[in-house]
1. Using modelled backbone amide H atoms (1.01 Å from N, in-plane), which distant-in-sequence or interchain residues come within less than 5 Å of HIS53's amide H?
2. By its C-alpha gyration tensor, with a ≥ b ≥ c as the square roots of the eigenvalues, how is region 1-53 shaped: rounded for a/c under 1.5, else prolate for a/b larger than b/c, else oblate?
3. Let a ≥ b ≥ c be the square roots of the eigenvalues of the Cα gyration tensor of the chain; is it rounded (a/c under 1.5), or, if not, prolate (a/b larger than b/c) or oblate?
4. Given a cut-off of under 8 Å on Cα pairs at least six residues apart, what relative contact order in percent is computed for region 3-88?
5. How much of the DSSP beta bridge set in region 3-88 is antiparallel, as a percent to the nearest 5?
6. Working from Cα positions, state the angle (0 to 90°, nearest 10) between the long axis of helix 7-19 and the longest principal axis of the chain.
7. Per residue of the chain, what 222 nm ellipticity follows from adding -39500 (n - 2.57) for every DSSP H run with n ≥ 4, rounded to the nearest 500?
8. Starting from the Cα of GLU65, step 7 Å along the direction of its Cβ; do the same at ASN51; then give the gap between the two resulting points in nm.
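Taken together, the values in this text are just the output of simple stated rules run on the coordinates, not laboratory data. Every value quoted in this text rests on a predicted model; they were computed, and no experiment measured them. Counting neighbours? That spans all protein chains shown, and the Cβs are built from the backbone with ideal geometry, glycine included.
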Amino acid sequence: MYIATNEETCAKIGEVLSAQADKPQNIRVFIAGMGCSGPSFGLGLDNVNDNDHVEVINGVNFVVEQSVFDTVGEIKVEWVGNGYSVQPVNVQPSACGSCSSCG
């Protein structure tokens, strides 16, 4: 399993997909940036590429580039009332000490 999610989240994503019928009907999970606490993630509508893993959960096609999964492992996508929380299931924050916000 690459994506951990629930029915409520899939229902909310289904609403987005229904409203975007002219766009790709796949939800891509991608790394949007890296910081002291690890990667931050984004979600977007996208096509499936050759190096992607597709996981269908409650009718939603989640797309993750294989290298993203290889880097962070299983990813949790969850509706949190005003948006989506996307994070690795096994969060391992680092204390790199290379930026001013690190202790």
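1. VAL64, GLU65, GLN66
2. Prolate is the answer for region 1-53, as a/c is 1.5 or above and a/b outweighs b/c.
3. On the way: a/c = 2.12, a/b = 1.72, b/c = 1.23.
Since a/c reaches 1.5 and a/b is larger than b/c, the shape of the chain is classed as prolate.
4. Values: 129 pairs, mean separation 27.4, N = 86.
Relative contact order here is 32 percent.
5. Beta bridges within region 3-88, antiparallel portion: roughly 75 percent.
6. Between helix and principal axis, roughly 60 degrees.
7. -5500 deg cm²/dmol
8. Label at GLU65, label at ASN51, 0.6 nm between them.
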